[in-house]
1. Can you go through B:Gly128, B:Gly90, B:Gly114 and tell me which one is more than 14 Å from B:Leu32 (Cα to Cα), within 9 Å of chain A (Cβ to nearest Cβ), surrounded by fewer than 18 Cβ atoms within 10 Å (Cβ to Cβ) and small (Gly, Ala, Ser)?
2. For segment A:21-48, give me the residue count where each residue is closer than 22 Å to A:Val113 by Cα and hydrophobic (A, V, I, L, M, F, W, C).
3. For A:Arg66, state whether it is within 9 Å of another protein chain (Cβ to nearest Cβ), free of Cβ contacts under 8 Å to residues at least 12 places away in the same chain and buried (at least 20 other Cβ atoms within 10 Å of the Cβ).
4. Among B:Leu78, B:Leu112, B:Leu127, B:Leu60, which is the only one that is at pLDDT below 95, outside any loop (DSSP other than H, G, I, E, B) and not hydroxyl-bearing (Ser, Thr, Tyr)?
5. I need a count of the residues in segment B:30-57 that are among the aliphatic types (A, V, I, L, M), crowded, with 18+ Cβ neighbours inside 10 Å and in a loop (DSSP other than H, G, I, E, B).
Protein chains: 2
Amino acid sequence: MTSSDHKRFIRQCYALAEEAVQNGDHPFGALLVKDGEVVLTAVNTIISDNDETRHAEINLVSEAGRRFKPQSLAHCTLYTSTEPCAMCTGAIYATGISTIVFGCSAKALYDLVGSDYSIPCRDILALGRRETAVIGPILQEEGLQNHRDYWI
Amino acid sequence: MTSSDHKRFIRQCYALAEEAVQNGDHPFGALLVKDGEVVLTAVNTIISDNDETRHAEINLVSEAGRRFKPQSLAHCTLYTSTEPCAMCTGAIYATGISTIVFGCSAKALYDLVGSDYSIPCRDILALGRRETAVIGPILQEEGLQNHRDYWI
């Protein structure tokens, strides 16, 4: 995948994050790419589902686990509008998805909104026994605008 | 909480793990203690819900987030039959629950069943900005018997 592919898919995640807000949820979106094509998308549903665990990435992982076998997921790339939290990083790691690409970094988001919640996903994945590649931030300023519009 | 309290609640988690198996799910159970009393219980529902993310601890966190405010969760202890995975550790950390007590260690389980999935929860929590206390393993041999009966 080229840098231009990454930008295209991250912009699609930002559009999904806007869709989440239109649904009454928080501004986060994620998608799964297999063989260069988007095969699944997901948005944050914390408010819709009244469930603090329903981040976009974990919603994506839930559906990916239903649709694809582990050997297929190992060849997929997960794109997400904002660097995954510790929970979502663990969920992604468990699926065997081999590459994560994110838009805004967790640090940039939490510098904006203030929180003690952030753990960089690379630090968690470094503890794993399998390698998971991480690429990002990408088009961070564009993504942070969604967060500014929503949280501030 | 005394060592005898920990053993009592961990045995209750092992009973929940057996209940999960009776429901057709995997042998994992968890519960939340507030002011010395069990206020919530949860079991693994991966098979019932057809969702790989529905571990006992994350099910507990989903419900805990609906029932209790963050300042209340900070005074709760989460007990679980087996050391939480990276996903569940992240979910617990996000709630602000301040203490985790587990029965079997992740290492003991994965030595039994074979997997490259395990990351010790203490290593993940050490990356956090807030402290989360972790106690365990407790009554590990009793808990491993559930796993032997199920997986082997």
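1. Just one listed residue meets the conditions, B:Gly128.
2. So the count comes out to 6.
3. Criteria not met by A:Arg66.
4. From the options B:Leu78, B:Leu112, B:Leu127, B:Leu60, the qualifying one is B:Leu112.
5. Going through segment B:30-57 one residue at a time, the tally reaches 1.
The values are calculated or read from the model by the stated rules, or taken from the named source; none is laboratory data. A quick note: this is a predicted structure, and the numbers were derived from the prediction, not measured. FYI the Cβ positions are ideal-geometry reconstructions off the backbone, even for glycines, and counts take in every protein chain you see.
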